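Reading through the C-alpha cells given below for one structure.
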Amino acid sequence: MTEFMQFPPDFTWGTATASYQVEGAAHEDGRKDSIWDDFARTPGKVANGENGDIADDHYHRWKEDVALMKSLGYQAYRFSLAWPRILPDGRGKVNQAGIDFYDRLIDELLGADIHPLVTLYHWDLPVALPEGWLNRETVHAFEEFSSVAVRSFGDRVKDWITINEPFCPSFLGYGYARHAPGIHDLGKALRVSHHLLLAHGLAVPVVHAGCPDGRVGITLNEGPFYPVDRSPANLDAARHGDGEFNRWFLDPLYGRHYPADMLQDYVKLGALASIEPDFIQAGDMQKIATPTDFLALNYYSRSIVDTGKTGGNFPNNIATLSNPAENHTEMGWEIFPFGMYETICRAYFTYKPPEILITENGASYSDGPDENGRIHDQRRIDYLQSHIESVGKAIRAGVPVTAYYVWSLMDNFEWAFGYAQRFGLVYVDYKTQERLPKDSAYWYGQVAQKNGLDV
Ligand code: FCB
C-alpha cells in the first residue's frame, strides 16, 4: 500500500552548488587564486590533475542555469560566493565585477521566483591571506568579507549560511591532507576548526546588522558512527569518530564547549599540549555559541568503524567498511537512509536549534545519456526517495525541518575526485557544456510540485 507523504505547506525544495565547483572563469574579471586553485595545481592532489578553471562555466551560463531550474520546478537555489572574486586579496579592495556577477544571478533568481540561499564560505579561501585559516587574523578577514557580502546582497538575499562543513577545511584540509591546503597535522586541524567556528560566530551579528530581516546559520556535515561489533576498542573508536565529526562542532556551537573526551583524546594523540588549548582566547566560546536562526545539515552516509582495519578517514584506524557493492554510491559511500533520520533527530533533540534545513543530500552515479539522449539514473531516484522519506519521518517525529536541497543541481568539480564523480540532477557534457536533465531531475521537480512523495 502506498501512502502519500505530505510535507508542511511552506516547505522549500531546492538544489545546491558551490562557487569553485561550478563557476569556472577562475582567472577572469579580477578573481585571484583561492587555496583550491593552488591545491589543484599541486601534482597528485586532484584526480587526473583536474581543476575548477572552467568547471560548469556557470559564471557565463548563469542565465541558462536559472532558466533550467525554473523549467524543472525547483523553488530554491543554494550557492556560495567566491571570496577571491569579491575581495581578491582577501581583504581591502572590493572587485566590482565580482559583485556584479552575483547581482545578476540573484536578480535572475528572484525574477524566476527562485529563493536564494547564500553560503558565504564553501572552501575557496583567497591565497592572499597569509597562513590561511591557521592565522587568527583570517577570522577578521572573514568578518570583513561577510560584511561586504551582506551589504551588497542583503536587500534581496534573506537566508545566509556562514561556513559550509567546517569539518572539511579543518580536518580534511589540515589533518588528513585530503583537501586544500593539504597539510597532515592534527594539531593544526584543531586550531583551524576553532578559527572557522569563531569566524562563524563573529559573522552572525554581521549578517543580522547588514540584513535585519535576514536569517543566518551554519552548515555542518553530520552522520552516525557505528562500531562494527561491541568490542571495547570498536565502541571507543565509534565514540571518537562521532566526537571528531559531529560533537566537536555541535557542542561548542550550542554552548557546551569542546567535548571533554575529545580534548583528552587529542592530548593523548599528541595534537594538543593540554586540555586547555592555547588557541582559545577569553570570550571565544561565547562568540562561537552566538544563537542562530537555524542549523543546516548535510547528510550523505554513515561510518562503520573497525579498529582492525586501517586506511579510514580518521586516526585510530577508523575505517568505513565495504558492504555489498549495490549498497554504495560511486563515491563508495554506503546508502543508509536511516542515518539521516537519526542525524536530524539527534541534532534537534540534543541541541534544540530553532529549525533545521537540509542543505545537501545526494548521490554520485555516472549514468550518462543513452542513444536517445535520456539519462536513466534510477539509482539516484531511489537514493533521493529513501532519504526524503527519512526527512519526512523526522518531521513526523516533531523536528521542524523546513527545507531540503539536493546536492547537486548539476554535475560539477567534486574536489579531490575531479569530474569523475557526478552528483548532478542535470548531466553536464564537459566538452560542450551542454546541460541534460537526468530522469531524477524531472522526478525531483514532481516532488517539489506535489510537496511530497508516495512512500
Ligand atoms: C560535501 C560538500 C559539497 C560536495 C558534496 C558531495 O561535503 O559540501 O561541496 O562536494 O560533499
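The values are calculated or read from the model by the stated rules, or taken from the named source; none is laboratory data. Only a predicted model underlies this, so the values are computations on that prediction, with no experimental measurement involved. As a convention, Cβ positions derive from the backbone with ideal geometry for all residues, glycine included, and neighbour counts pool all protein chains shown.
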Of the criteria (1) assigned to a helix (DSSP H, G or I); (2) closer than 24 Å to Ile358 by Cα, which one Glu143 fails: (2)
Among the numbered conditions (1) outside any loop (DSSP other than H, G, I, E, B); (2) more than 16 Å from the ligand (Cβ to nearest atom), tell me where Gly182 comes up short. (1)
Within the stretch 377-418, can you find the residues that are in a loop (DSSP other than H, G, I, E, B), surrounded by fewer than 19 Cβ atoms within 10 Å (Cβ to Cβ) and within 13 Å of the ligand (Cβ to nearest atom)? Gly418
Enumeration of residues in the stretch 54-99 that are crowded, with 23+ Cβ neighbours inside 10 Å and in a strand (DSSP E or B): Tyr77, Arg78, Phe79, Ser80
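Of everything in the stretch 283-295 that's of a type outside the set (A, V, I, L, M, F, W, C) and in a loop (DSSP other than H, G, I, E, B), which residue is surrounded by the most Cβ atoms within 10 Å (Cβ to Cβ)? Outline the logic, then answer.
So the first thing to find is which residues in the stretch 283-295 are of a type outside the set (A, V, I, L, M, F, W, C), and the list is 283-284, 286-287, 290-293.
Subsequent filtering for residues that are in a loop (DSSP other than H, G, I, E, B) retains 283, 290-293.
Working: Gly283: 10, Thr290: 16, Pro291: 11, Thr292: 24, Asp293: 17.
Residue satisfying both the conditions and the ranking: Thr292.
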Among the residues of the stretch 133-154, is there at least one that is touching a helix residue (DSSP H, G or I) at 6+ places or on another chain (Cβ under 8 Å), under 28 Å from Leu409 (Cα atoms) and either within 16 Å of the ligand (Cβ to nearest atom) or modelled with pLDDT under 95 (or both)? no
Of the numbered conditions (1) more than 16 Å from the ligand (Cβ to nearest atom); (2) within 21 Å of Leu198 (Cβ to Cβ); (3) under 22 Å from the mean Cα position of the chain (by Cα); (4) not acidic (Asp, Glu), Trp123 fails exactly one; give the number of that condition. (1)
Considering only residues that are part of a loop (DSSP other than H, G, I, E, B) and on the phi < 0 side of the Ramachandran plot, look in the stretch 155-178 and name the one that is farthest from the ligand (Cβ to nearest atom). Asp155
Exactly one condition in (1) under 24 Å from Glu414 (Cα atoms); (2) at pLDDT below 95 is false for Tyr174; which is it? (2)
